[in-house]
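A.B. asks: Before anything else, here's the structure in question.
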Amino acid sequence: MNELLLKAATLRRSRDFNNVVYSLLSYCITPVILFISTPLLLHHMGDEQYGMWILVQSVLNVLAVSNFGLGNALIKLGSECRDDEESFGLLFRVTLLLAILLSAAISLLLLGFGTVIFPLLMQTDGLEKVLSASYYMGGIIGVRIINGIFSGAYMAKQRYDLNSKVNIVYNLITSVAFTILAVVYGSLTLLIQCLFYSTVLLTICNMFVTQRTLPGLKFRPAFNRGAFKRLFHYGIYSWGQMLISTLNAQVDKLIIGGLLGPKVLGYYTVCMQVVVKIHEIPAAAGGYLLPKFSSLSQGADRQEIGRTYRRSLYIAMSFVLFAGIVACLLAKPILSLWISPAFAESHYKLFQLLTVSVSLGAFGVVPYYCLNGTGYVKLNTILSLVTTLVTVALFMVLIPEFGVYGIGWGKFVGIPLVLFSLYFVEKRVLGGAGPRSGRAHEYQTERGQ
């Protein structure tokens, strides 16, 4: 008994264990909130305005790629610094400078031309409600860029548990607040304004968390050519992956909103809010794998990388299989209890189709982190780009023919990418040439203030 308690205490102190547990809590709490808030939002905002709210969030997520992968580059390169706090501090300060410049540029661009840019991304009725708050949307994008640098600083130290704790609190408070505002006022413009204010508060919170976690870190922006080159070298491919990943996640909503209208987008999004968790939960739980694989690749410890990879892959695949089967079998009861029996009868087949396509794609989560962490970011980017272009083309062909079901069928095109990633990791990363060391791409960093 004492030995069991000792093992449990050791497990609780494990950083990997805490990273996984809190990441899972972050993404398990969100479905509970959505289960309560979605019916209320649908009822008080109406199908069309609710669809517009979803479309606004999709556009914001698409425009979030304007950070050019700085946050991911800081996590990847910062994790390679290990105990070299001077190099890490310089890397952070250069990243912060670039983030501030980007934030100012993007915010000013959307402030001046938002009324031209947003209609290009939102081909639907009711745009006047969104355009009246376009300057708030520009501010949201700018603030999120800086927020990603603060959270990226402590995530580079493999403290994903801290990021999850912050997100749990933030998601709980904002979800409750937005639901209350929607019930009382039913105003889309008010929700956009409150999203801006909550984003500012989240950024301030992450700044304080970074200060407490990394007390010696200086928040004075600086420029260094060597650090800039390293950030650019990794960040450009990371940005490409982020752009592709964002398009994969949001392009379906943009296409449905433009071709089929906000009402159809509303019930499609209701189904996806549950189904997408089959992918998001293992992606969130495995987020710490990027700095983990990056750190291991420095010593070219192929055996430890293999143990970490296979253990993570088996756990992720077990969860995806279980969740996917349960969601398919209980599609109608889930939608009946959550929304209404009439909604379930009309849309449970769409729910099942999306479950199958998303579940198969989720098998690629762990190989994706492994390839990025071991130096194959360029390969990941190319494969993702090809798959995305083919997927979007299929969406445009299938939606006019099959309606919203065309999205579900189009998502199956990503399966070859998943199979190739699994094969490549086993044969090349673990069994062949081995991991690429991030040091091979390092530039000589000039020390400076």
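Just so it is clear, none of the values below were taken in a lab; they were calculated from the coordinates. Remember, it's a predicted structure, so these values are computed and weren't measured experimentally. Glycine also receives a Cβ, built like all others from the backbone with ideal geometry; neighbour counts cover every protein chain displayed.
A.B. asks: Taking the Cα-to-Cβ direction at Ile325 and at Ala104 and moving 7 Å from each Cα, how far apart do the two end points lie in nm?
C.D. replies: That separation, rounded to one decimal, is 5.7 nm.
A.B. asks: Now for a different question. If R₀ is 22 angstrom, what is the calculated FRET efficiency for the pair Ala393 and Phe113, using the beta carbon separation as r and rounding to 0.05?
C.D. replies: Details: r = 29 Å, r/R0 = 1.30.
About 0.15, to the nearest 0.05.
A.B. asks: Calculate the FRET efficiency for Arg428 and Ser245 from the Cβ-Cβ distance with a Förster distance of 25 Å, rounded to the nearest 0.05. Write down the numbers at each step before the final one.
C.D. replies: Working: r = 22 Å, r/R0 = 0.89.
After rounding to 0.05, the efficiency reads 0.65.
A.B. asks: Cβ neighbours within 10 Å, averaged per peptide: list 208-220, 188-200 in order, most packed at the top.
C.D. replies: Values: 208-220: 13.3, 188-200: 17.8.
Sorting 208-220, 188-200 by mean packing, highest first, produces 188-200, 208-220.
A.B. asks: Under a plain spin-label model, where a point goes 7 Å from the Cα along Cα-to-Cβ, how far apart in nm are Ile33 and Ile173?
C.D. replies: Taking the two extended label points, one gets 1.1 nm.
A.B. asks: Find the centroid of the Cα atoms in region 155-219 and in region 86-105, then give the distance between the two in whole Å.
C.D. replies: 21
A.B. asks: Here's another thing I want to ask about it. Just list whichever of Lys229/Lys253; Lys157/Lys277; Lys157/Lys378; Lys76/Lys165; Lys277/Lys378; Lys253/Lys427 have alpha carbons separated by over 31 Å in the model shown. Show your work: numbers first, answer last.
C.D. replies: Details: Lys229/Lys253 36 Å; Lys157/Lys277 26 Å; Lys157/Lys378 24 Å; Lys76/Lys165 21 Å; Lys277/Lys378 27 Å; Lys253/Lys427 37 Å.
Result: Lys229/Lys253; Lys253/Lys427 exceed 31 Å.
A.B. asks: Can you pull the three principal axis extents for the Cα set of region 39-80, in Å, largest first?
C.D. replies: 50, 18, 7
A.B. asks: Kindly rank 371-383, 338-350 from highest to lowest mean number of other beta carbons found within 10 Å of each residue.
C.D. replies: Numbers: 371-383: 21.5, 338-350: 15.9.
Going by the mean number of other Cβ atoms within 10 Å, highest first, we get 371-383, 338-350.
A.B. asks: When all alpha-carbon pairs of region 286-388 are counted, what percent fall beyond 18 Å? Mind dumping the intermediate values first?
C.D. replies: Numbers: 3109 of 5253 pairs.
Everything past 18 Å amounts to 59 percent.
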